[in-house]
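Only the coordinates and a few stated rules stand behind these numbers; no lab work does. All figures in this text were calculated on a predicted structure; none of them were measured in a lab. Here Cβ is always computed from backbone atoms with ideal geometry, including for glycine, and neighbour counts include all displayed protein chains.
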Amino acid sequence: MNMNTESQKSLKVQTTKSLFKSKQAGYSVESIAFGLVIFALLLVGLISVFAGLQNKARITNAFAQSQAILSAANSWGGNDKTGVSMDLLCKDGYLTSEICGGTKASIGNGATGNPWGGAYQLATDKNTSRVKLTLTNVDKDIVTSVGDSLAKLSFDSCKLVKGCATATATGTTVTVTK
C-alpha cells in the first residue's frame, strides 16, 4: 500500500507541476493586432502605388491619342481647318476606333474616347489655321498634370499649362490649341 500511495503522491506532484509549467500556445492578441496593422499599412501603400501607376498610364494614353487627333486634323485641313470635327475625322477614317469609340460597323465620334471616359471635342480656333482639342471628364485631382503633359502639344509648345496661352486646365477639362 505504501508503494501505491507514494506513486499517487508522485503522480499528483508531477501533474500539478506540469499544469503550472504549461505555456500559452498560439499568438497573443497584441501579436495579431500588430500583424493586422502592418498588413493594413502595406495594403494602403500598394493601393496608392497602383493608383499612381494607373493615372500615369492614362496621362500617357491621353497624350498619344491627343497627338494622333491633332496630327489627323492637320492632315485633313491643311492651312484652313474650318469645319473640322471629331465626327468628321472618325467617319473619314483618320482616327482609330479606340479614340472614336463605337465599332467597325458603327464608328463613334470621340464622345467617350478619352481615358477617363469623357469626350474628345475638336473645333476650329478663331485663327482658322488652328484647332482646339478639348478633353472632358478628366479626374479633377490630376487635371493640372494632364494639362502639363498636353501643353507640349500646343501651338506654343509650353512646358507647363500654367501661363500657357494655347493650353488650359480647369475643373475637369483640358484644352489645347494647335
With a ≥ b ≥ c taken as the square roots of the eigenvalues of the C-alpha gyration tensor of segment 82-178, please select rounded if a/c is under 1.5 and otherwise prolate if a/b is larger than b/c or oblate if it is not? oblate
Computed label-point distance, nm, for sites I32 and L53 using a 7 Å Cα→Cβ extension: 3.3
If the chain between D87 and A40 were fully extended at 0.36 nm per residue, the gain over the current Cα-Cα distance would be 12.2 nm
